[in-house]
There are 2 protein chains.
Amino acid sequence: MKLVLLSGGSGTRLWPMSNDSRSKQFLKVFPGVQMHSMVQRVWQQLTDAGFTEDTYICASKAQKDMIVSQLGDVPVIEEPFRRDTFAAISLATAYLRDCQGAALDEVVVVLPVDPYVDQTYFEKLRDLERLLHETSSEMVLMGVQPTEPSSKFGYIQVEKNTGSQSMSSEVFSVRSFVEKPNTSQAKALLSDGALWNCGVFCFRVDYLLSVLEAAGLPTSYGTIRDNFEAFPKRSFDYEVVEKAKEIRVTPYTGAWQDIGTWNTFSEYITESFIGLGQAVNCEETQVVNELGIPLVAVGLKQTVVVATPDGILVSDKAHTENLKTIVSEFIQRPMYEERRWGTYRVLDYQTVNDGSIVLTKCIELHAGKNLSYQRHFHRSEVWTIFQGQGRVAMDGQVRRIGPGDVITVQPVQWHALCAENETLKLIEVQRGSVLVEEDIERMYLDWQEIQNHCLR
Amino acid sequence: MKLVLLSGGSGTRLWPMSNDSRSKQFLKVFPGVQMHSMVQRVWQQLTDAGFTEDTYICASKAQKDMIVSQLGDVPVIEEPFRRDTFAAISLATAYLRDCQGAALDEVVVVLPVDPYVDQTYFEKLRDLERLLHETSSEMVLMGVQPTEPSSKFGYIQVEKNTGSQSMSSEVFSVRSFVEKPNTSQAKALLSDGALWNCGVFCFRVDYLLSVLEAAGLPTSYGTIRDNFEAFPKRSFDYEVVEKAKEIRVTPYTGAWQDIGTWNTFSEYITESFIGLGQAVNCEETQVVNELGIPLVAVGLKQTVVVATPDGILVSDKAHTENLKTIVSEFIQRPMYEERRWGTYRVLDYQTVNDGSIVLTKCIELHAGKNLSYQRHFHRSEVWTIFQGQGRVAMDGQVRRIGPGDVITVQPVQWHALCAENETLKLIEVQRGSVLVEEDIERMYLDWQEIQNHCLR
């Protein structure tokens, strides 16, 4: 059995803490020995359940560095670009078959990367494989036992079992799917024994490949990756699950939380104030301040205040549902990112009167890491080093640099930078035309190779 | 008659919009042809009343550049450091006598730099001089006709007049002063005809000099300035007004507002949202966002949200009274200042592991202006120019600079920078020891003299 964790999320529902590369699953808000994120929590639960050897994370390119930074060197299946879950699961399945040697009858279980659940959820994943075999279904789903007639979720309607009593509590045939009903419909669904659809799907490799073939879509990893736009931008539920004929669902009765809005998410933030500043006379209020300037909250009730390099949110908790719609027009470039090599934070971003952009960043390059050997065509960079020691490869020479050194990188100049035994910190001033992030050509070399290339 | 405007304010009551150099009187929140500040509003009223030829502003060094930037080349009497109003008014009076040739019987009227009043207030200032002569008093005050039994103000208790009816409504003998009474005391004061003390004092030069002499304090401008710490750190009310024997007060019955807290100040902000971002479903809420990142406010009621380079305030309007106490522990160095030559904004401020400080600023140098010829002993500066053309005087040469130029200034190097025909913009990275702002040695030269000095 192989597990595929889908790492989705455009990051607008938890703006401004989340952004395109730092979706909610990566936010370190859970207390413990160290503050940890949802994805770290899930990975620990998978480790405890003995699954990590067979687990793959399907994620966008923008998230890959963040995953490696938080989980270490775990296998990531990289989506060429965002194309909803049907395309992503197809890519992942073909990857398992073509690149990991999965057999055609290998069982794949797909689940979200960030379920907020207890350990029994993961133990139950093994039941899915067994039930797939026992029931000879095309697919077995996991459904969450509802706790209230919520109108936020999709429901799975089940057939009343005619089999034995013991079987009835474990697996049901699926009758139909109902997407986000109103409350009275939801009440009827509950009394009818319906379950919440939590996005956990179990199927065999050959089943999905046959679906792709029948749809005239590519079935090998390379062709799927290179023709990703051939896939409809639709959900796996819509394209596969709802069309399957022999499909069953098994109930999960443990804890399950949808942490998708600030209202619910803030319940898991155990500190009432995180960061520089203070809350005075506030009730049921959470403040998270990631900026270097103080934040003072006075006399607030049931409010969420979040300040990050991406923006500032001040919201009544009862009004956080529609945040996605509200903030979509204000989404700028990400102002903070964790990368494979460290982090950067945008300090300033402005347009000059000649139309060019000036971007000022604080970059922290972790000990022993390096920025890739790269060049730009439409921008220059000025680095002022202020902490740590490192080396710059540029202009046919490799030289040691440290606090006080100023390095100017002109357009078309190949350059790389590495940190030695401690974190290297610098201020970077970029000047150039609008699409600054895409204006990059890289050589994928390690530091020794970069030095050899530079010095040759 | 000479007018002295006292420009006080440490700027904590309207934090984070105000700071040490940008007190509330300089905040441009009043609409008009251009947004204007309280001090600009008052200066216009003084101009309309024909007073500006005889008006002097007594201010701290930190405020001087801001005053010149907002009012042009007005006379500023510079306090060596903050020492409350007794010291400030003594310095200003000695300045008028010694540096402006004021006669000993010249009448001085002292008033705050930022009364929010109508034009009749300024017309009434002439009455003060006349009443000083007519009543042969040591001092005549202006008192505001109270509109409510407020416990926020000081009260002036008056003697019931025994003179003619016409006289009685114009001037009263002062019986005593009551500082911030409780509400029931305030009610009694109101029915007794007491007035609010609004900090307007009228006296002759020789009267104040005799008070100083009797107290064994210096009386000449130079000695006061050089011995400023000899003055007790007390108010003019306490040291002079309350000790005077022949003192009268004349009522001002026009509009008068104390705009000292966000609760009252926000009433004068006519836009509900200023800056980048949006307010959704908010009621009686004002948002001011001076940062370059978006701010989204959702579902707030009677709240003030203010985000500036100095910090972020989110406060229920009913709770803004004690802000001064709350924020005092978070006051950092000013993060935004208007100077004689332009503005700067601190983008980042961090301590390095070797104890030094790195400060990243965005500097805007106005057309035709220059940074003074200066040097530092404990810091280096790296300038990356990104807009405009200018000239740098350094190392015995003057050279033209423009976008893309990077200038490194080492400790002990004399340097100056001027902008040519448009605003020059640059990112500055300062590195040095803790007291970076005080680490400066200046030559007070104009640009031509700087060039000559540099090239000689």
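Inclusion of A:Asp348 among residues that are within 7 Å of chain B (Cβ to nearest Cβ) and under 20 Å from the mean Cα position of the chain (by Cα) is not warranted. The set of residues from region A:208-241 being hydroxyl-bearing (Ser, Thr, Tyr) and either part of a loop (DSSP other than H, G, I, E, B) or closer than 30 Å to A:Ser150 by Cβ (or both) comprises A:Thr219, A:Ser220, A:Ser235, A:Tyr238. Farther than 27 Å from A:Gln257 by Cβ, at pLDDT 95 or above, of a type in the set (Phe, Trp, Tyr) and in contact with a Phe, Trp or Tyr (Cβ under 8 Å, 6 or more places away or on another chain): does that describe A:Tyr121? Here the answer is no, as A:Tyr121 does not meet what is asked.
With respect to the numbered conditions (1) modelled with pLDDT of 85 or more; (2) of a type in the set (Val, Ile, Thr); (3) within 29 Å of A:Pro294 (Cα to Cα), which one is the sole condition not fulfilled by B:Thr47? Single failed check for B:Thr47: (3). The single condition among (1) more than 30 Å from B:Arg391 (Cβ to Cβ); (2) in contact with a Gly (Cβ under 7 Å, 6 or more places away or on another chain); (3) facing chain A (nearest Cβ under 8 Å) that B:Glu290 does not satisfy is (3). Identify all residues within region A:287-304 that are within 15 Å of B:Leu300 (Cβ to Cβ) and touching a Phe, Trp or Tyr at 6+ places or on another chain (Cβ under 9 Å); write none if there are none. Once the filter is applied, which keeps residues that are within 15 Å of B:Leu300 (Cβ to Cβ) and touching a Phe, Trp or Tyr at 6+ places or on another chain (Cβ under 9 Å), region A:287-304 yields A:Val287, A:Ala297, A:Val304.
Can you pull out every residue in region B:400-427 that is more than 10 Å from chain A (Cβ to nearest Cβ) and in contact with a Lys or Arg (Cβ under 8 Å, 6 or more places away or on another chain)?
Answer for region B:400-427, where residues must be more than 10 Å from chain A (Cβ to nearest Cβ) and in contact with a Lys or Arg (Cβ under 8 Å, 6 or more places away or on another chain): B:Arg400, B:Ile401, B:Pro411, B:Val412, B:Gln413, B:Trp414, B:His415, B:Leu417, B:Cys418, B:Ala419, B:Glu420.
Note on region B:295-316: among residues that are more than 7 Å from chain A (Cβ to nearest Cβ) and over 19 Å from B:Phe330 (Cβ atoms), the one that is least open to solvent (accessible area, probe 1.4 Å) is B:Thr303. A:Val280 falls short on exactly one of the conditions (1) open to solvent by less than 10 Å² (accessible area, probe 1.4 Å); (2) closer than 27 Å to B:Gln332 by Cβ, and that condition is (1).
Scanning region B:180-235 for residues that are among the charged types (D, E, K, R) and on the phi < 0 side of the Ramachandran plot turns up B:Lys187, B:Asp192, B:Arg204, B:Asp206, B:Glu213, B:Arg225, B:Asp226, B:Glu229, B:Lys233, B:Arg234. Taken over region A:317-333, the criterion of being crowded, with 19+ Cβ neighbours inside 10 Å and either closer than 18 Å to A:Gln63 by Cβ or aromatic (Phe, Trp, Tyr) (or both) is satisfied by no residue.
Would you please name the residue that is farthest from the other protein chains (Cβ to nearest Cβ), looking only at residues in region A:8-64 that are aliphatic (A, V, I, L, M) and closer than 25 Å to A:His319 by Cα? It comes out as A:Met38. The C-beta contact set for region B:250-277 (first residue within 14 Å of chain A (Cβ to nearest Cβ), second residue surrounded by fewer than 18 Cβ atoms within 10 Å (Cβ to Cβ) and modelled with pLDDT under 85, distance under 7 angstrom, 6+ apart or interchain) comprises B:Thr261/B:Glu321. Write out, first by first residue and then by second, each pair whose Cβ atoms fall under 6 Å of each other, whose residues are 6+ apart or on separate chains, and whose first residue, in region B:300-315, is without any contact (Cβ under 8 Å) to a residue 12 or more places away in the chain while the second is open to solvent by less than 10 Å² (accessible area, probe 1.4 Å) and aliphatic (A, V, I, L, M). If the second residue must be open to solvent by less than 10 Å² (accessible area, probe 1.4 Å) and aliphatic (A, V, I, L, M), the pairs left are B:Val314/A:Ala297; B:Val314/A:Val305; B:Val314/A:Val314; B:Val314/B:Val305.
So if I check each of A:Asn353, A:Asn289, A:Asn322, which one is of a type outside the set (D, E, K, R) and either closer than 14 Å to B:Gly292 by Cα or touching a Leu at 6+ places or on another chain (Cβ under 8 Å) (or both)? So the residue among A:Asn353, A:Asn289, A:Asn322 that is of a type outside the set (D, E, K, R) and either closer than 14 Å to B:Gly292 by Cα or touching a Leu at 6+ places or on another chain (Cβ under 8 Å) (or both) is A:Asn289. When region B:410-432 is filtered for residues that are closer than 17 Å to B:Gln451 by Cα and assigned to a strand (DSSP E or B), the ones remaining, listed by number, are B:His415, B:Ala416, B:Leu417, B:Cys418, B:Ala419.
Going residue by residue through region A:353-368, is there one that turns out to be of a type outside the set (Asp, Glu), touching a residue at least 60 places away in the same chain (Cβ under 8 Å) and not in a strand (DSSP E or B)? Yes, region A:353-368 has at least one match. The set of residues in region B:325-343 being without any contact (Cβ under 8 Å) to a residue 24 or more places away in the chain and assigned to a strand (DSSP E or B) consists of B:Thr343 alone.
Scanning region A:377-388 for residues that are more than 11 Å from chain B (Cβ to nearest Cβ), open to solvent by 40 Å² or more (accessible area, probe 1.4 Å) and in contact (Cβ under 8 Å) with a residue 60 or more places away in the chain turns up at least one hit. Tell me, yes or no, whether region B:363-374 has at least one residue that is within 14 Å of chain A (Cβ to nearest Cβ), among the small types (Gly, Ala, Ser) and under 21 Å from B:Leu426 (Cβ atoms). Yes, because at least one residue in region B:363-374 is within 14 Å of chain A (Cβ to nearest Cβ), among the small types (Gly, Ala, Ser) and under 21 Å from B:Leu426 (Cβ atoms).
The rows are residues; the columns are (1) out of contact with any Ser or Thr (no Cβ under 7 Å at 6 or more places or on another chain); (2) at pLDDT 95 or above; (3) open to solvent by 50 Å² or more (accessible area, probe 1.4 Å).
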{"residue": "B:Tyr221", "(1), (2), (3)": "yes, yes, no"}
{"residue": "B:Phe236", "(1), (2), (3)": "no, yes, no"}
{"residue": "B:Pro251", "(1), (2), (3)": "yes, yes, no"}
{"residue": "B:Thr264", "(1), (2), (3)": "yes, no, no"}
{"residue": "B:Ser272", "(1), (2), (3)": "no, no, yes"}
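Applying the criterion of being modelled with pLDDT of 85 or more and either at the interface with chain A (Cβ under 8 Å from one of its Cβ atoms) or under 30 Å from B:Gln448 (Cβ atoms) (or both) to the residues of region B:324-337, the residue that is nearest to the chain's Cα centre (by Cα) is B:Glu337. When region B:55-74 is filtered for residues that are touching a residue at least 40 places away in the same chain (Cβ under 8 Å) and either of a type in the set (A, V, I, L, M) or over 17 Å from B:Ala92 (Cα atoms) (or both), the ones remaining, listed by number, are B:Ile57, B:Ala59, B:Ala62, B:Asp65, B:Met66, B:Ile67, B:Val68, B:Ser69, B:Gln70. Looking across region B:389-407, not a single residue is open to solvent by 50 Å² or more (accessible area, probe 1.4 Å), assigned to a strand (DSSP E or B) and within 19 Å of B:Gln430 (Cβ to Cβ). Cβ-Cβ contacts under 6 Å between residues 6 or more apart (or on different chains), taken from a first residue in region B:175-195 that is open to solvent by 50 Å² or more (accessible area, probe 1.4 Å) to a second residue that is part of a helix (DSSP H, G or I), are listed as B:Phe177/B:Glu242.
The values are calculated or read from the model by the stated rules, or taken from the named source; none is laboratory data. This is a predicted model, so every value here is computed, not measured. So basically every Cβ, Gly included, is an ideal-geometry build from the backbone, and we count neighbours across all protein chains shown. Remember, those area values only see protein heavy atoms, side chains included, never the ligands or the DNA or RNA. Shrake-Rupley method; radii C 1.70, N 1.55, O 1.52, S 1.80 Å.
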